[in-house]
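Below: the structure, in structure tokens.
The values are calculated or read from the model by the stated rules, or taken from the named source; none is laboratory data. Since we're looking at a predicted model, the values are computed, not measured. Cβ sites come from the backbone with ideal geometry, for glycine too, and all protein chains shown count toward neighbours. Accessible surface is based on the protein model in full, side chains and every heavy atom, while ligands, DNA and RNA are left aside. Shrake-Rupley method; radii C 1.70, N 1.55, O 1.52, S 1.80 Å.
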Amino acid sequence: MNGSLLTSVAPELLRLGIGLLALVGFIAANGMLLLYVERKVAGHVQRRPGPFEVGPHGLLQAFADAGKLVGKQLATPAGADGLLFWAAPLMAFMPVPLMFIAIPFGENLFGLETNLGLVLILSFAGFNVLALCLAGWGSNNKWSLLGAARAVSQAVAYEIPLLLSVLAVALMCGSLDLRQLASSQGGWPWQWNVAVQPLAFFIYFVCAVAETNRAPFDLAEAESELTAGVHTEYSGMGNGIFFLAEYANMIVVGCVATALFLGGAQGPFAPGPWWFLAKMYLLVTLVIFMRWTYPRVRFDQLLNLNWRWLMPLALVNLLATAFAVKLAG
Amino acid sequence: MAILTAPIQALAAVWSMVVGLRVTVTNFFRPQETIHYPRQEVPPSHLDSFRGHIELVGADEDPAKARCIGCGLCAELCPSFCLKVVAEELPVDSAVCYPSQAGTDLLMPTPKFRAAPPSQTQPRKLLSYHLVYHTCSLCGLCVQNCPAGSLRFSHDVYLAGASRGRFEFDLMERLRGQAARGGAKGGKAHA
């Protein structure tokens, strides 16, 4: 019965279904892992142990936290717009698995075969801003609203240099397919795109940290100024889903950077997916270390950095790439 | 000129971020400074500067007896009124005329409780010394001003309790207990 059902479904659809399921598992597992890594890094950077009591070396702390979040009451603040308020966390998380399906974890390890993978990821990444905007608006709270306003202006600003830097690589390889972009590079670091496009990589990385609202660009939640910004009114799993989406977004930007700039799943001696994961986790660890190193920037500094530095640099880089491609081609 | 200096400044700023990352990464790999409390405890040698609640210092000849001369200055000075000192009354004729009675000590009023100057040749016998620690603000005026050197901060880092009574101390009894354990000789304190 099952077998006939499976064979009656189109293989492409089946692959997509299995892929989505596996990716949701991957995202949930990574959320827990990164929560643990984040707190351990924070602890050790400050010369303290971090989580230590639950399980050996605090390994089960993430499960305890998840249990606590799931068990908490979901409170809707008085005067809040219930529909928008609860749509926001769902909208923050919903596009995340969709972004993952286009990512080539290995030669044949991907959810969906598409030649517009980059466009798909970049367009779904925009949903996160909408979710933060809804959360801020629906909370009926001035801090949330201020956080949402910051999130929107920040995302609008940083999306542009991000796209421009990605575009430079796409121009160079003549494709928007992540698999093709990854496989056009070699296995050794000097064959990676980052060797040819270091400026684009730098701009992409800074913008990606800003896009995912990670410190030092976490202006949208800025706890010292806005309590928790857009997250202020969320309790229990509402808050938990936002966090899960934040960690998942970190992984997405790490994956895209790996595929675009760091040679994707290619590397010597070991099978592709391991290389891909290793590079991706290296970038994510760097982002985590950055959070515990740099103080949060002021909002005008944030926008100044974008409009006065990253934008012009990305434009110049794109133009130079276009010229070089034209001349070489 | 700005077109040259701005990029240089920007590069310097980027480099400073690399330096910052190096600081956190080196600290990440250095040993931890904290102590896992229930399993480990701070070594006593690290507790010299710790200010716990006050305790009495035992006399050199008899560690179970406090150096206290019963003048009551500590209880008078205490801004939180958390000390209660009871000493035996001196016979009236041995009480000397003290500046407070002459009205000459305008700068630092002498406590009314005190019947004899700290340099009295005839100390009063201490009958009881009670500390109500929950109102103490650890200002240290009592320790600083004790004319007999009979007060110091204890080094009890792990003081904890489930009721208010746990923080009300009979310091004389405490001193006797310390002496019985052989740890209250002047200078070094034990929790």
Among residues belonging to segment A:286-300 that are more than 14 Å from chain B (Cβ to nearest Cβ) and without any contact (Cβ under 8 Å) to a residue 40 or more places away in the chain, point out the one that is most open to solvent (accessible area, probe 1.4 Å). A:298
Within segment A:72-80, does at least one residue satisfy the condition of being within 22 Å of the chain's Cα centre (by Cα), farther than 24 Å from residue A:260 by Cα and not acidic (Asp, Glu)? no
Any idea which of A:283, A:318, A:303, A:313 is within 12 Å of chain B (Cβ to nearest Cβ), under 22 Å from residue A:163 (Cα atoms), part of a helix (DSSP H, G or I) and in contact (Cβ under 8 Å) with a residue 24 or more places away in the chain? A:313
Given the conditions (1) modelled with pLDDT under 85; (2) open to solvent by less than 100 Å² (accessible area, probe 1.4 Å); (3) of a type in the set (A, V, I, L, M, F, W, C), every one holds for residue B:1 apart from (2)
Segment A:205-229, residues that are open to solvent by 10 Å² or more (accessible area, probe 1.4 Å) and either at positive phi or modelled with pLDDT of 85 or more (or both): A:205, A:206, A:213, A:227
Read through the list (1) open to solvent by 10 Å² or more (accessible area, probe 1.4 Å); (2) among the polar types (S, T, N, Q); (3) within 14 Å of chain B (Cβ to nearest Cβ); (4) touching a residue at least 40 places away in the same chain (Cβ under 8 Å), then give the number of the only condition that residue A:232 fails. (3)
Please verify whether segment A:84-99 includes one or more residues that are of a type in the set (Gly, Ala, Ser) and assigned to a loop (DSSP other than H, G, I, E, B). no
Can you tell me which residue in segment A:29-69 is farthest from residue A:236 (Cα to Cα), limited to those that are within 13 Å of chain B (Cβ to nearest Cβ) and not in a helix (DSSP H, G or I)? A:47
Scope segment A:1-60; condition open to solvent by 70 Å² or more (accessible area, probe 1.4 Å) and under 27 Å from residue A:240 (Cα atoms); matching residues: A:18, A:21, A:33, A:39, A:46, A:48, A:53, A:56, A:57, A:59, A:60
Only one of A:200, A:168, A:151, A:125 is under 19 Å from residue A:93 (Cβ atoms) and open to solvent by less than 10 Å² (accessible area, probe 1.4 Å), namely A:151
Would you pick out the residues in segment B:19-62 that are at the interface with chain A (Cβ under 10 Å from one of its Cβ atoms), open to solvent by 60 Å² or more (accessible area, probe 1.4 Å) and outside any loop (DSSP other than H, G, I, E, B)? B:22, B:23, B:26, B:29
